[in-house]
Structure formats: structure tokens, C-alpha cells
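Asker: Quick one: this structure, given as C-alpha cells, is what I'll be asking you about.
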Amino acid sequence: MSRRRVERERLLASTKKAVKQLMEESVTRKFVHEESGIVMTLCVKVEACFLHGVRTKLFVPSSTFELVLGRLAQFYAPAAELYHVCNEIVACQRNTGITHTPKMYKTTSRDGETIENVKQRLQQFKMRYFSHHTKKQPSSTTMRVLWVRIALVEKMMAGLVNSLLQNASHFYEERALLCHPVDGPIFANLLAGPNALEFSKIKTSTHVLSDPPAPELIEKQRLFDACHNDSPSSQPDQPALEKVISMC
């Protein structure tokens, strides 16, 4: 097995594992928080795939924001909008001016969604982001994969990946994952499930109720089943029922 193939398989395996964890979380808890650790883990794995074999220039930082999104934004309108919103967020975090935004050449995305709808959803994300990060500074990893997370939770990932696959020769070297005729589409298919998820929004101080963690829900279900199985009838006796209620 060649070294290139080993690298591609390692990237696909780590991405597949992160996707599996995310989908299992969505089934277990019926929702996934858009800033959860599972989402962040997947974004890091996806970014590693985007960076694999990407064409770079001398003295250019190894950042997918510029090397991938910045280039894609030059001819794919939704990517340009995403690039602009990320620049706004970074500028506000650093208290600097907004950098250049690539010119957009199209008014619709590949799936037919108008750019106005894309703009509206991205602006809503920006408002949620600032409402959550007013007091705490996000980590460097959070900022590095910010555009990947926005693309995922706003259902833009599929269109971005498809555009990269169709124009892979402009972005990547021949050895790259996204340039491979088999592994590239496999990577795109892995992200189809997460791209279709409905992520819960950021919880602010105005939210009173919070959802219990998955281990707590599993423990409550285990206690309920134990009480139900110990009962001689189909209905648990009154003391057992009171015990379950008190646990909940």
C-alpha cells in the first residue's frame, strides 16, 4: 500500500469516526448543539481533509480559510458570502477593519438557493455568535475552523464540497484526497448526513431550561427499566414509581 493511499485512508477513517459520533448523538439526544464538542471535532477532521494536498504559495499560512475558502469565493457566490461573514466576525474579535471580500459572479448557489437567503442565514448566525461570545474569547481552534462550522450548521457544506470536487485541479495537488476519483466522492458522501441535520441554536442567559446530558438520560432509563422488571405486574408498584419520579 502506497504512502499516499495510507494518508487518504487515515483522513477518511478519522472523518468517518467523527461523523458516526455526531449522528449517534443526534439519535440519542434528538438534537445536536451547534457549538458542541462533537461538532467541533468533526470540523477539525474536515479541515484536515481540506488541507491535504492543497496548493500553497511561499509565506502563505496553512489556513483553509484563505487557501480553500478564499479561492473558492472567487467564483462560487455562497462561499464569498461565507468568507465575508467570517471576516466580519474575525475583525470584530480583533477590533480591526474588514479585509477584502472576493467579487461574486453568480446570484444563486448550485442548489438553486438565492444569495439573499444565504446572506440572511449567515447574518442570523453572526448575531447568535456574538450573543454567545460577548464575554469569553474563543479559542484559536474555534476561530480556525469557524468557517467549516458555519458551513456545516447552515447546510452549506454539501455545495462547498461539490464545488471543490469539480474544481479540485485548481486547488489541490494530484496526491490530495479531494483530487482522488474515488476517495473524494466518498468524503463528500460522508458529510451528506451531517449537512442534513438540524442543529440547535446557541443557548444564551435568557434560556431557563437546559437538557440533561446523555449519561443522565441513560441512567434514568436504566433505573426505570429495573423498577419495571422487578414488579410482578405490568405496572410498577407505588413505592417503585415514587422512586423513579424522585430520580427524574
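The values are calculated or read from the model by the stated rules, or taken from the named source; none is laboratory data. The shown structure was predicted, so the numbers you read here are calculated from the model rather than taken from an experiment. For neighbour counting, all protein chains shown are included, and Cβ atoms are generated from backbone atoms with ideal geometry for every residue, glycine included. For accessibility, only protein heavy atoms count, side chains too; no ligands or nucleic acids. Shrake-Rupley method; radii C 1.70, N 1.55, O 1.52, S 1.80 Å.
Asker: Looking only at helices (runs of 4 or more DSSP H) that fall completely inside region 1-115, which ones have 3 or more residues that are at pLDDT below 90 and among the small types (Gly, Ala, Ser)?
Answerer: The helices (runs of 4 or more DSSP H) meeting that bar are 77-94.
Asker: Continuing with this model, one more query. Which one is least open to solvent (accessible area, probe 1.4 Å), of the residues in region 27-44 that are in contact with a helix residue (DSSP H, G or I) (Cβ under 8 Å, 6 or more places away or on another chain) and more than 15 Å from THR142 (Cβ to Cβ)?
Answerer: Of everything passing the filter in region 27-44, VAL32 is least open to solvent (accessible area, probe 1.4 Å).
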